[in-house]
Amino acid sequence: MSKKIIKELIKLSSVPEKQKEIADKVLHYKRITPEEGVYLYEKAELSYLGLLANYIREKRHGNNTYFNKNFHIEPTNICVYSCTFCSYSRKFSDNDTWEFDLEDIVELTEKYKNTDVTEVHIVGGVHPYHDVYYYGKILKKIKKILPHIHIKAFTAVELEFMFRKSKMTIKDGLKKLQNYGLDSIPGGGAEIFDKEIRKQVCHEKSKSRTWLEIHKTAHQLGIRSNATMLYGHIENYTHRINHLEKLRELQDQTKGFQTFIPLKYRNKNNKLSYLEETSVIDDLKNYAISRIYLDNFDHIKAYWVMLGVDTAQMSLNYGVNDLDGTIDDSTKIYSMAGNKQIASMTTDDIIAIIKQVKRKPIERDTLYNRIIKS
Ligand code: V47
Ligand code: SF4
C-alpha cells in the first residue's frame, strides 16, 4: 500500500492526534522515541500498527520472505544456570540429561554431507566443564565434514562462561573460536536487559552489559550476530522498549546485527508456568512495534518453531520478513516449553506457507545472500 493511501486512511480514521503524528514520522523514515514506543504498546490498535509495520517491511523487502536450510545441534541440556523461564536445562544429578560427545556430533553432522543445508545452529546449556578448546574442536570437526557450512554458534551467555573458564578476554576468545570456524553468533541469552527483571528471571547469568559487550566485540571482529528479546513473562512495556533502545544504540555504532528475533515466552514445565502466555494479538503487536522501533535493523525474524506456524504466517503482515529455517532436526528448547507443533519443515512446506499468504519465498544463506539454484 502506498504512503499516500496509508496517510489518507490514518487521517480519516479515529486514531488520536498523537498516533497520526507518529504515523507521519514513520512514513517519513524518522525515528520514534522511547516514550512513543511505550505509547504504541499501551494505546495503539493492531490494525494501525500493522499498516505502519507492513509499510516498512514492504519498502525494505517488497514481498520477499526469507528462509534458510539449517540444522540444529543442542550439545547438552546440562546447565550451570537456573533461569526461571527455562524448561530445558537440567543439573548433572537429574535423570533426563543429555550430552553429545565429539563422536555424536560427527555422526549428526555426517548426515548432512551431500545435502544443500547452508547453516548449522548450535545452542545449548552452559556446561560446567567445557572450555573454548573443547568447543573449538567441535567447530573444527564440523568444518572438516561440511567445509561450506556456516556455523552460527553459542549464545553470549555460553560464550562468556567458556571464555571465563579458559581465562580469556572476550576478544581473544572470539578470535580463537573464529579461527576454529565460528562464523556468526545467535541472538539468545539477551532475555530482557532490565536489571531488576533479569534479577528475577535469570539472576546468575551474564549481565546485559556483558551480552552487549560480546556482540559489540564480535561485530568489531567482523562476526555478524543476531539479537533476541524474550517477552511475555514478567516484564512490562517500558522494559521491552528499553531493551529495543539498547539494541538500536549498539546497531547505530556497529551495524553488526543481522536480524531481530522476538521470542515469545512459552509456559510449560518451568518455574514461571503460572503465567499465561501472550495472545496472538499481543504477539503481532510486538512484531509490528519491533519493526517500527528498530529502524536500523534490516530483518525481523519470526522463529516459527517457538511461535507456531499459524502465527508465524500471520506475522508476515506485521513487519516480519524472515521465517528462519527448515530446521532439519529436532529442537528441544521449545518442545519442552510447550510448543506442540512439528520441529521441522521441509523446504516445500516452508515455501507453501509463505506463498499461502501471497509473499515470495527466497532461500537465503545466514548472511542473507540469495541462494541461486543452478
Ligand atoms: O536465550 C528459553 C529462549 C533462547 C524459553 O539467532 C525460551 O537465529 C521461550 O538463541 N520460552 C535460546 N523462549 C534460543 C536462541 C535462538 C533461537 C532462535 C533463533 C536464534 C538465532 C537464536 O531461548 C534463550 C531464551 O531466551 N528460551 N526458554 C521459553 N520457555
Ligand atoms: Fe541455561 Fe539457557 Fe536455560 Fe538459562 S535459558 S537455564 S542459560 S539453558
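Would you mind stating whether LYS199 is closer than 25 Å to LEU230 by Cα and either within 15 Å of ligand 1 (Cβ to nearest atom) or surrounded by fewer than 20 Cβ atoms within 10 Å (Cβ to Cβ) (or both)? Break it down stepwise before answering.
Values: closer than 25 Å to LEU230 by Cα: yes; either within 15 Å of ligand 1 (Cβ to nearest atom) or surrounded by fewer than 20 Cβ atoms within 10 Å (Cβ to Cβ) (or both): yes.
For LYS199, the condition - closer than 25 Å to LEU230 by Cα and either within 15 Å of ligand 1 (Cβ to nearest atom) or surrounded by fewer than 20 Cβ atoms within 10 Å (Cβ to Cβ) (or both) - is met.
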THR210 - would you say it is away from ligand 2 (no atom under 16 Å from the Cβ) and over 15 Å from the mean Cα position of the chain (by Cα)? no
Cβ contacts < 6 Å: first residue in contact (Cβ under 8 Å) with a residue 60 or more places away in the chain and farther than 15 Å from GLN251 by Cα, restricted to region 196-219; second residue surrounded by fewer than 21 Cβ atoms within 10 Å (Cβ to Cβ) and of a type outside the set (Lys, Arg), any location; separation 6+ or different chain. Result? VAL201/THR84; GLU204/TYR81; LYS205/TYR81
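Taking only region 181-196 into account, find how many residues are open to solvent by less than 20 Å² (accessible area, probe 1.4 Å) and within 14 Å of ligand 1 (Cβ to nearest atom).
Kept after step one, since they are open to solvent by less than 20 Å² (accessible area, probe 1.4 Å), are these residues of region 181-196: 181-182, 184-193.
From what is left, the residues that are within 14 Å of ligand 1 (Cβ to nearest atom) are 182, 184-193.
Count: 11.
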Flagged in region 80-98 as open to solvent by less than 20 Å² (accessible area, probe 1.4 Å) and not aromatic (Phe, Trp, Tyr), in numbering order, are CYS83, SER87
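Could you pull out the residue among ASN77, ASN68 that is within 14 Å of ligand 2 (Cβ to nearest atom) and open to solvent by less than 10 Å² (accessible area, probe 1.4 Å)?
When all the criteria are applied, what remains is ASN77.
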Exactly one condition in (1) under 30 Å from ARG370 (Cβ atoms); (2) out of contact with any Asp or Glu (no Cβ under 7 Å at 6 or more places or on another chain) is not met by CYS86; state its number. (1)
So, of the residues in region 250-274 that are of a type outside the set (Lys, Arg) and open to solvent by 30 Å² or more (accessible area, probe 1.4 Å), which turns out to be nearest to ligand 2 (Cβ to nearest atom)? ASN269
Here are some conditions: (1) under 30 Å from ALA288 (Cβ atoms); (2) within 16 Å of ligand 1 (Cβ to nearest atom); (3) touching a Ser or Thr at 6+ places or on another chain (Cβ under 8 Å); (4) not charged (D, E, K, R). HIS121 meets all but one. Which one does it not meet? (3)
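The values are calculated or read from the model by the stated rules, or taken from the named source; none is laboratory data. Computed from a predicted model, the values in this text were never measured in an experiment. Cβ coordinates were reconstructed from backbone atoms using ideal geometry, including for glycine residues, and neighbour counts include every protein chain displayed. For accessibility, only protein heavy atoms count, side chains too; no ligands or nucleic acids. Shrake-Rupley method; radii C 1.70, N 1.55, O 1.52, S 1.80 Å.
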